Each structure stands twice: as C-alpha cells, then as structure tokens.
C-alpha cells in the first residue's frame, strides 16, 4: 500500500467516528538528552566515554554526576544529527538497540495522522495530559508504547498505563491500544490474550510497530476503532433480546392449555418430534417479530450501525480474522476426508501427500476463529449434541465408515424425505415404512470446481475446506442399520443386545430400540450356528431361514450383512461372543435444516435431469 493511500485511509477512519486527538505515549517522545542520561546511568565509565568519544575521561566517567555535567556542557554544541547518533549509540550500549527502530516507526505514524490531531507525550508528561484528556470529553485514540525503560520506567509500563486509562475513561469515547516494538506481528495475538486477562478486551488492541513500516497500520487502526463499537452493538441487541424473551414466555404462557397441548404434544407425536423442540419453535416465532420491531426503533442501534458501516466502507484490506480463511477458500483436492480430530496420514502417493502437506501448511493457525466457527455452526449442527441427545437419523446426517486407513476411509451423507424417516410412537416409520435410504459419497471439492452433479458442502471440515456430495455416485443403505447410531452418545453404529435403553430418549425410539434388540438376538443366534463364516458372513444367506421363521426386521439385518449390495457403503459384522452387531459406521456430522432441504432439492433435480437422444457420432474411446 502506498503512503498516499495509507494517509487517506487513516484520515477517513478517524473521520468516521470523529476522533479529535491521536495521542502517542512513548519514551521516545522524551527529550533526547533525558533519554541519554536515563540509559547512561546503567553504563560503566568506558561505555560513557565511548558515547561522547572521550576515551581519556573513562576513569572520571565512572562517576555519573561527572558524566552528566559533561554531557550537559556539550549537548548544545552538537548538531541535531549528532543528538540522534548519541541516542542510538546509548541504546546499543544499554542493549536496547531494538528500540532504534522506534524512531522510524513513530516518524511514519506522525506522517499518517493529520498534524492538527496528532500529539506526542512522554511518560513523565502523561499523568497531567491524561487528566486533561478525560475532563475535556473529546473523542481520543491513545496508543501506548509498552517498554518505557528509556525514561526509567518498566519494560511493561505501557500495560499499567493502558489499564489506568481504561478505568478512568469508562463510558467515554476513548479508544486504547498498545503500539509496541516488544511484539512482532506474529506475537500480537498472544500479547493481546495476555493483556486482556486484566484489560477490557473490547477496548484493547495490540499493534506491532513493524506494521507501520510494512504499510499495515490502517488495517489495525480500523480494528482498534471497530472493537468497542461492535461490543456496544452486541450489548444493545443482547439487552433487547433478553427483555423480549420474557415477553415471549408470557405470551406463550397465556395460550389456552388445550391449544398448547394440541400444538406441543399432538403435533409433535404425529410428526415424531420431541415436544420441547416444538415449544422452542413457538418461542422463536413470537420473539422474531418482536425483536425486529424493538431493534429497528432503537436510535442507538442506528447510530452505532452507521459508525461501523462507515468504518467498513474504508477498504484497507480484509479483517485480520478473515484473511487466512479467504486465502485458503480455494484450496481443494480429491483426497478423502480425514474426519474430526484425525491427523493426516500418508496416502501412498507422493503427489497427493505433497498436495495435502501444502494444504495443511496454508490453513489458518486458529481453525476455531469466530468467523469460521459461526459459519460452520450455520451450516452444520454440533454433532456432539446430536449424538449426545440420541437424535433420530435425518436427511443430511453424515456417516463415516470408521476405517483407520486414510486410503480406505469413506464418508457418506444420507438423502431421504424427512417424513419417510420420521419414527412414530410405535417404533415404525409409517404404514409403508422405507427400508433403504440414499447415501452419497462426500469428498474434497476438486481443484477445478464442483461438477454439475455435485452438492457443495462449504467449510465441511474443521480447517474450513470445501467438500462435495457426489450425487452421481449414490448407493443405498439399510436404514435400520443406521438407526444403531441413535442409541450411542458417540454416534457409533454398534447395537448391543444387553444394553439398556438410553434415558430421556424419544418415545418412539425407546420402542425402536427394543424391536432392534429383539431382532438382533435372532440374528446373533443364527450367526453362532455359522462360526466358520463370521469374518464377513458373505454366504450366510445360503442356509438362512426364511422370513416366516424370523422377524421381518431380523431378516432385513441378515440380508444386509450377506447379500444386500455388491459394494455396500458400510460393512456389517456380527460378534456372538460380545452379542453385538456392528454396522460399520459412525455419525460424524449433520447438515442444518436449511442445507438439508437444499440437499434434498438437489437430489430431486439430479433425478429429473433431462435425458436427450444419444449421440450417433460418438465412438468408443481408445484406452
């Protein structure tokens, strides 16, 4: 960014929120002679003599008072360049040579901020200036250095000054930040985290002085000004919502008991939904319109929104929190997904391994940053909650085949009409229950972009990388086997015939668990009679009893294990010793309702895609 552009951005940012003063509090603003005396106090005689180029006075300069008198006598005879040279030399001798860069950084700062607004203050001047600033009531931005050893202060004196100002200016339009050489650009976030253990996180920003020389200061200035405004907007809306929640509760309570019972229990049971979920839906419907009306009429909301919008209009680059996400948004390959929390594994292909290593080297260092976290929360439900609450199988549920090998690991997403999947109170899926659901493979989005028959799954993994559901590679899976995952808090599709039904599970699913266990006992008993075929039970159907000898559900499980599909998405296994049936899958993710509906619509479009007459000129391709 050119210096002209930087200057324009800084002025526009300050104008947006009408900042009247930008105050730089730094020991480099102290008189140069004072800095030299402060630092020279810690030097020995030879070093002091070297400073003044008077080596013959080394022994005398062991006495600081003699050195001070000599410096004061000579100082006015030196040219300004010699003053700067002595300051830099005393910094070097006192092992503060890193502070020599402060001069360039602060000179750059003074050139970026309009002169009529910029003010420099030393440590010894600050106490008086702070009181004047607070009493004036003017809008001000105060940037503190951290290390004030040049004036005899501490290496973290700036932390103390910032905290004191925040406390004294509570409720006033005073923005604060650290502008320091003690933190590199890579250390800013860690320094911020450390500082905000005691400071107000919404009024504190750490900016490395290196940002001034690299042309990145406007971007960080924008964050400094933005933080308290965003906090104020969130606080206003939070207070409104809290008040509206009380009103919504009272309105729902005022409904007639018979009407509430009809909506909350009657409709929920008919649709196979947990009753408190329907009650939450009612609260949401009441709150939605009340919240919009209350927020729209609030003058403070409009004022703060206008200020933030003004800052947003100054295009100084991406916000810091988003830059890594945008940088990696296009990274993709056809590598199989690694699954939550799994480390990368070699694929056996050097080209693929190199691509994977490059992708993972580029991803954001903080995969749980707020933008990515809330974006994923908008698209995917929290799977720990889904499995922990034993929620039913739904369209958009994602299953992993639990393979440990990265090359063999596959992930599949369920596509089914929600009404067909809904379980009724009798533990069955309607009068004509479905036996299978469509499952499509989920893979990394190809580098060249998604195919027409792919459904995009943005931010699919925890690194924020895009995946796709390949609708043109669909298979079919017995839904009764997927049901196993509902009864385990980890979502693993294993049914143990000795397990008790989980507590606080939906009514229909208690019955479903009992039916599945009853059928599993029959299947396990049959498996025990075919010990030699337990590895995969591929030939079990050759001697399996007919449907009229065992339950329909047991027959379906048995058929799924033996002959259901030539290439089943998941391989089911039986263990008569532990009395378990392992469906070979685990529920690892779930699409939100909006995205699940979009997935179902995409599947419908895929099925009804036009079929045109075949091409008479097409010839076989040579291989």
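Quick notes
- Approximating the spin labels as points 7 Å out from Cα along Cα→Cβ, the residue 170-to-residue 120 distance works out to 3.5 nm.
- Computed from the C-beta positions of residue 213 and residue 616 and an R0 of 60 Å, the FRET efficiency is 0.30 to the nearest 0.05.
- R0 of 25 Å, Cβ-Cβ distance residue 131-residue 15: FRET efficiency to nearest 0.05: 0.40
- Cβ crowding within 10 Å ranks 315, 240 as 315, 240, fewest other Cβ atoms first.
- Relative contact order of segment 228-313: 47 percent, from C-alpha pairs under 8 Å at least 6 residues apart in sequence.
- Computed over segment 176-255, relative contact order equals 30 percent, with contacts defined as Cα pairs under 8 Å that lie 6+ residues apart.
- Take every Cα pair under 8 Å whose residues are at least 6 apart in sequence, average their separation, divide by the length of segment 88-216, and the relative contact order is 24 percent.
- Cβ-derived FRET efficiency at R0 25 Å, residue 230 paired with residue 598, nearest 0.05: 0.25
- Exposure proxy order (Cβ contacts within 10 Å, fewest to most) of 262, 2: 2, 262
- Gain in span if fully extended, residue 189 to residue 475, counting 0.36 nm per residue against the direct Cα distance: 98.3 nm
- Residues in segment 489-505 that a label on residue 514 would reach, taking backbone N under 17 Å of a point 7 Å out along Cα→Cβ: 497-505
- Stretching residue 279 away from residue 405 to a fully extended chain increases their span by 41.0 nm, per 0.36 nm per residue minus the current alpha-carbon distance.
- Fewest-first sequence of 523, 468 by Cβ atoms within 10 Å of each Cβ: 468, 523
Values in this text are rule-based calculations from the coordinates and carry no lab data. Everything quoted here is computed from the prediction, not taken from an experiment. Backbone-built Cβ (ideal geometry, glycine too); neighbour counts: all protein chains shown.
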